[in-house]
Amino acid sequence: MQMQNTSGDNVLLDVRDLDTHFYGEESVTRALGGISFHVNRGETLGIVGESGCGKSVTALSILRLLPKLTAKTVGGEIRFHGSDLLKLSEREIRKIRGDRIAMIFQEPMTSLSPVHTVGHQIAEAVQIHTKVSRSDALERSREMLRLVRIADPERRLYSYPHEMSGGMRQRVMIAMALACSPELLIADEPTTALDVTMQAQILRLIIDLKQRMGTAVMFITHDLGVVAETCQRVIVMYAGRIVEQADVLDLFARPAHPYTQGLMRSMPDRRHGRRQRLPEIPGIVPSLREPIVGCSFAPRCPFAIDICREKAPTMRDVRPSHAAACWRSEEVLGA
Amino acid sequence: MGGYVCRRLISAIGVMAVVGVFIFLLLRLVPGDAAAMMAGNNATPQEVAGIREQLGLNEPLTVQFVQWALGILSGNLGSSIFAGLPVLTLVSQRIEPTISLSILTMIVSVTGGICFGIFAAWRAGGFVDRMLTAFSAVGYSVPVFVVGYFLTYCFSLGTRWLPVQGYVSIGQGLAPWFVHLVLPTVALSLSYIAFIARITRASMLEVLSEDYMRTAAAKGASTYAMLFHYALKNAAAPILTVIGLSFAYLIGGVVITETVFNLPGIGRLVVDAINNRDYPVIQGVLILVSGLYVLINLAVDLAYRLVDPRIRY
Ligand SMILES: Nc1ncnc2c1ncn2[C@@H]1O[C@H](COP(=O)(O)OP(=O)(O)O)[C@@H](O)[C@H]1O
Ligand code: SF4
Ligand SMILES: [Mg+2]
């Protein structure tokens, strides 16, 4: 890859050519078609793209949490501290899950067990990875609830999820994920299911805790606005591939891929009230069941020319620390 | 919770009262003269009159009922016409084999059924799962006495590994007691294992695809913890229901099993009482069994509350 990976020991997670397929009755869905990126220690990396572009599959592939019967990561490497997560035994990957790489999910309403208390579920995360007594684990849960700013943590420790709002449950998920002080937190659309006020609060909480604990965050979202507020670097995904990556300011100032430009045009402008209809990118996303010839964005791309439909563009640097997979990035930048 | 327990207790008492009335009327609604039937064909009129007197059939119906109900409330279930002994004494003489068989059967059925169901769900479509399908087809359709005689043929008559029939009291040693109960327990357990395993599998399968199971996996939980800790508690409500039902149906199976293996238990007591038309014994055992049913129901309802905090009464 052409991105600067030179500061090698600063790289926490290095993903190369990741290929994940889903196996249906008669067809294979190529959900990820060879994606490569890295996460540096302590940074916040944003992953954006429309729904269905493979963001969740990327996250689940890293922790090997895909449904066992229907999905398989068929190629690539996921380097974490020198070892390839894809090659670890089931036992070894379990030691990493929740302890060194933690994850929070999009659906706070269904992601907690309804029949266990919140304190119990956080304490469990601690006890799986450290030899501590039950009471010490509960003490840690209490501390975590305080840290994610849940009012009356003493009482909430013994609450069940159904007694809490969506925002509060997402705070509990964050508490649980950070209980073992992981090096990397994968946050898969953690605010998408919440209302706007709650979204802002949860975002602030994640950024704040990340800074305090020095955790690197992989922040997955379909909302470029969220990326602008939280991330240092951004990856843009389309149809199971990475189409652009750059520092966040650079990306917003000079998008080098037509898809990124389209996403920006359809961004809600926060100054102009919320509910105005946005110009969506016209056209449909290609099916991942058939091999894609040429650039996957070509059917929707205003810049498309003949070569786009024949040969898939690869990632190349358009500027320092800024790469895009587009034959016509220079024209796009100039436009 | 306290209020709920109170309400449930009151309704349980109501149910028992209704059941009591029916059991009381049983003797009075039998076509023909119950006393004459009990006395048999060769009885003299004096003997019939004596039995009628003993059963209190000469009093008005309401007086009879009040006397009978008061007797039960004070722990007097009446006396056997034939043995001349109080029903409670007869029951206590016969209770040990029945309780032994019931408890062993429930332990085997619940642990066996739940483990079988969990493994079938964990590897749905796999070997264990297909075994369960075949096993439950047999468990459901082959009656207890066929299984019983088949097992006796294989393990007792053929190989002489286990006793053919009979019972040894636990007081005379744990090993002989256990050895005599192995075949009856296995014969009786098969259908309950199948029943509990099917429901466990279905309930677990649903839970295993829930989001919170993925959360548990993301925490680094082991397969064992995922299945037995997170999933089982979430899947518990329907499983508790079938366990309760199995307990309730157990009594019928116990009667047959006791007959097949010649165990001197409550089942045999009832069968003998029916053959002899010994109504006080039949009524007494019915009252006890109905009471047990009501208690099991109550226990299952309260257990729901323990496994699922979302249930509010
Ligand atoms: N459980 C699944 N079964 C089959 N295909 C799936 C499944 N989950 C995801 N996919 C496929 O992978 C693609 C990417 O999904 P996903 O990563 O969930 O998208 P998103 O970017 O919205 O998180 C989907 O378009 C779909 O084709
Ligand atoms: S390669 Fe061609 S079709 Fe694809 S984004 Fe660039 S210009 Fe558009
Ligand atoms: Mg997603």
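The values are calculated or read from the model by the stated rules, or taken from the named source; none is laboratory data. The model shown is predicted, which means the values in this text are computed figures rather than measured ones. Please note: Cβ atoms are built from the backbone with ideal geometry, for glycine as well, and neighbour counts cover all protein chains shown.
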Open item on the list: Taking the condition of being within 16 Å of ligand 3 (Cβ to nearest atom) and closer than 23 Å to residue A:226 by Cβ, how many residues in the range A:27-44 meet it?
Closed with: 3
Task: Candidates A:211, A:261 - the one that is within 30 Å of residue A:43 (Cα to Cα), within 15 Å of ligand 2 (Cβ to nearest atom) and modelled with pLDDT under 95 - done: A:261
Open item on the list: Here are the criteria: (1) touching a helix residue (DSSP H, G or I) at 6+ places or on another chain (Cβ under 7 Å); (2) more than 16 Å from ligand 2 (Cβ to nearest atom); (3) modelled with pLDDT under 95. Tell me which single one residue A:233 does not satisfy.
Closed with: (3)
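Here's the yes/no breakdown for (1) closer than 30 Å to residue A:130 by Cα; (2) part of a helix (DSSP H, G or I):
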residue	(1), (2)
B:230	yes, yes
B:254	no, yes
B:258	no, yes
B:264	no, no
- [ ] Could you pull out the residue among A:102, A:59 that is assigned to a strand (DSSP E or B), more than 16 Å from ligand 2 (Cβ to nearest atom) and either within 13 Å of chain B (Cβ to nearest Cβ) or touching a residue at least 60 places away in the same chain (Cβ under 8 Å) (or both)?
- [x] A:102
TODO: Collect the residues in the range A:218-248 that are within 16 Å of ligand 3 (Cβ to nearest atom) and hydroxyl-bearing (Ser, Thr, Tyr), keeping them in residue-number order.
DONE: A:221, A:238
Open item on the list: I'd like the full set of residues that are more than 8 Å from chain A (Cβ to nearest Cβ) and either in contact with a strand residue (DSSP E or B) (Cβ under 6 Å, 6 or more places away or on another chain) or touching a residue at least 12 places away in the same chain (Cβ under 8 Å) (or both), limited to the range B:203-222.
Closed with: B:203, B:204, B:205, B:206, B:207, B:208, B:213
Open item on the list: Which count do you get for residues in the range A:106-124 that are part of a loop (DSSP other than H, G, I, E, B) and either more than 10 Å from every other protein chain (Cβ to nearest Cβ) or aliphatic (A, V, I, L, M) (or both)?
Closed with: 3
Open item on the list: Based on this model, can you work out whether residue B:284 counts as crowded, with 21+ Cβ neighbours inside 10 Å and at positive phi?
Closed with: no
TODO: Can you work out which of the residues in the range A:24-57 that are in contact with a Leu (Cβ under 9 Å, 6 or more places away or on another chain) and among the polar types (S, T, N, Q) is farthest from residue A:217 (Cα to Cα)?
DONE: A:29
Open item on the list: Given the condition within 11 Å of chain B (Cβ to nearest Cβ), at pLDDT 95 or above and buried (at least 23 other Cβ atoms within 10 Å of the Cβ), answer yes or no: does some residue in the range A:78-96 qualify?
Closed with: yes
Task: Residue ID - nearest to the other protein chains (Cβ to nearest Cβ), chosen from residues in the range A:170-205 that are buried (at least 20 other Cβ atoms within 10 Å of the Cβ) and in contact with a Pro (Cβ under 7 Å, 6 or more places away or on another chain) - done: A:173
- [ ] For the range A:125-154, name all the residues that are within 13 Å of chain B (Cβ to nearest Cβ) and touching a residue at least 40 places away in the same chain (Cβ under 8 Å).
- [x] A:125, A:126, A:129, A:130
Open item on the list: Can you go through B:191, B:203, B:156, B:136 and tell me which one is over 30 Å from residue A:186 (Cβ atoms), at pLDDT 95 or above and part of a helix (DSSP H, G or I)?
Closed with: B:203
Open item on the list: Here is a check on your reading of the model: is residue B:110 modelled with pLDDT of 95 or more and of a type in the set (A, V, I, L, M, F, W, C)?
Closed with: yes
- [ ] Would you kindly identify the helices (runs of 4 or more DSSP H) lying entirely within the range B:21-132 that contain at least 3 residues that are within 22 Å of the chain's Cα centre (by Cα) and in contact (Cβ under 8 Å) with a residue 60 or more places away in the chain?
- [x] B:87-122
- [ ] Go through the residues of the range B:267-277 one by one and say whether even a single one is out of contact with any strand residue (DSSP E or B) (no Cβ under 6 Å at 6 or more places or on another chain), without any contact (Cβ under 8 Å) to a residue 60 or more places away in the chain and within 25 Å of residue B:299 (Cβ to Cβ).
- [x] yes
- [ ] Kindly provide the set of residues from the range B:287-313 that are part of a loop (DSSP other than H, G, I, E, B) and either crowded, with 16+ Cβ neighbours inside 10 Å or within 14 Å of chain A (Cβ to nearest Cβ) (or both), ordered by number.
- [x] B:308, B:309, B:310, B:311, B:312
TODO: Six or more apart or on different chains, Cβ under 9 Å: which pairs go from a residue in the range A:306-335 that's assigned to a loop (DSSP other than H, G, I, E, B) to one that's small (Gly, Ala, Ser) and within 16 Å of ligand 1 (Cβ to nearest atom)? Could you list them?
DONE: A:312/A:296
Task: Filter pass, residue A:145 being crowded, with 16+ Cβ neighbours inside 10 Å, of a type in the set (A, V, I, L, M, F, W, C) and over 27 Å from the mean Cα position of the chain (by Cα) - done: no
TODO: Working only within the range A:12-29, note down all residues that are buried (at least 16 other Cβ atoms within 10 Å of the Cβ) and of a type in the set (Ser, Thr, Tyr).
DONE: A:20, A:29
Open item on the list: Every residue in the range A:12-29 that is under 22 Å from residue A:83 (Cα atoms) and away from ligand 1 (no atom under 11 Å from the Cβ), please.
Closed with: A:12, A:13, A:14, A:15, A:16, A:17, A:18, A:19
Task: Flag if residue A:58 is more than 16 Å from ligand 3 (Cβ to nearest atom), crowded, with 20+ Cβ neighbours inside 10 Å and modelled with pLDDT of 95 or more - done: no
Task: So residue A:32, is it of a type outside the set (Gly, Ala, Ser), at negative phi and within 11 Å of ligand 1 (Cβ to nearest atom) - done: yes
Task: residue A:296, sole failed condition from (1) in a loop (DSSP other than H, G, I, E, B); (2) at pLDDT below 90; (3) of a type in the set (Gly, Ala, Ser) - done: (2)
